[in-house]
1. Quick one: is residue 33 within 30 Å of residue 139 (Cβ to Cβ) and of a type in the set (A, V, I, L, M, F, W, C)?
2. List the number of the failed condition for residue 55; all other conditions in (1) outside any loop (DSSP other than H, G, I, E, B); (2) over 16 Å from residue 103 (Cα atoms) hold.
3. Which members of the stretch 67-83 meet the condition of being surrounded by 18 or more Cβ atoms within 10 Å (Cβ to Cβ) and in a helix (DSSP H, G or I)?
4. From the set of residues in the stretch 142-154 that are touching a Pro at 6+ places or on another chain (Cβ under 7 Å) and of a type outside the set (Lys, Arg), which is farthest from residue 126 (Cα to Cα)?
5. Take the stretch 27-52 and flag every residue that is under 28 Å from residue 122 (Cβ atoms) and either aliphatic (A, V, I, L, M) or assigned to a loop (DSSP other than H, G, I, E, B) (or both).
6. I need a count of the residues in the stretch 27-47 that are under 25 Å from the mean Cα position of the chain (by Cα) and closer than 19 Å to residue 108 by Cβ.
7. For the stretch 146-157, give me each residue that is surrounded by fewer than 16 Cβ atoms within 10 Å (Cβ to Cβ) and under 19 Å from the mean Cα position of the chain (by Cα).
Amino acid sequence: MVRPRQITDRELLYTARSCFLEHGPAVSTSVIADLAGVSQGTLFKRFGTKKQLMVRALMPDHDGPQWEAMLRPPDARPIPAQLVEKGLLVIAFFNELQPRIAMLRACGAELLEELHADGRTPPPVRALRAMQSFFEQAISAGRMRPVPTESLSLTWLGALRNRAFFTHMMPSLHLDGDDASYVQELTDMLWRGLRPDKES
């Protein structure tokens, strides 16, 4: 007899996330359990309370293609091309994350506490340090003008996050262009001040 496949925590969290985003925080755990094909008891056994399930489902991910790109050091391609590649993945991440963060805040979840709860480096800090490292290596190799890398990383990440914020929280604003053109324009503007003297 073939035993049914055990559903993973990741699959359960994906189902829960979809339910919370579609129906709001009041959605019953019985609805989530039914859609996932498990019992409510299984949900509570794996994740504790409904609030803990919601926080786990909606908090920023610690892995995925955007993290692979963020943690990758500079390669032989032009730095602007690498920034565009990273920027497209990061802005897609923020576009997915913004509704989740808004829902958590609406439910009163203490984001800073929850970000630190599992002992891992919080995703915002991880992203900041990853970009600092990328810029520091590019500067050391003479491929960028020397600038304060923390300020640059905050500027770059903040500009990407702001695009996602206005897109989701103020849709009536109708921002110009699409995400790809925005990332390219942002990179072009920053690179004018970052390119090494030999490229000026």
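The values are calculated or read from the model by the stated rules, or taken from the named source; none is laboratory data. Here the structure is a predicted model, which is why all the values come from computation and not from measurement. Cβ coordinates were reconstructed from backbone atoms using ideal geometry, including for glycine residues, and neighbour counts include every protein chain displayed.
1. No.
2. Evaluating residue 55 over (1) outside any loop (DSSP other than H, G, I, E, B); (2) over 16 Å from residue 103 (Cα atoms) leaves (2) as the failure.
3. Scanning the stretch 67-83 gives 67, 69, 70, 79, 82, 83.
4. Step by step, filter the stretch 142-154, then rank; the result is 142.
5. 27, 32, 36, 43, 48, 49
6. 2
7. The answer is 150, 154, 155.
Okay, residues lined up against (1) outside any helix (DSSP H, G or I); (2) at pLDDT 85 or above; (3) crowded, with 16+ Cβ neighbours inside 10 Å:
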residue	(1), (2), (3)
102	no, no, no
113	no, no, no
128	no, yes, yes
132	no, yes, yes
144	yes, yes, yes
190	no, yes, yes
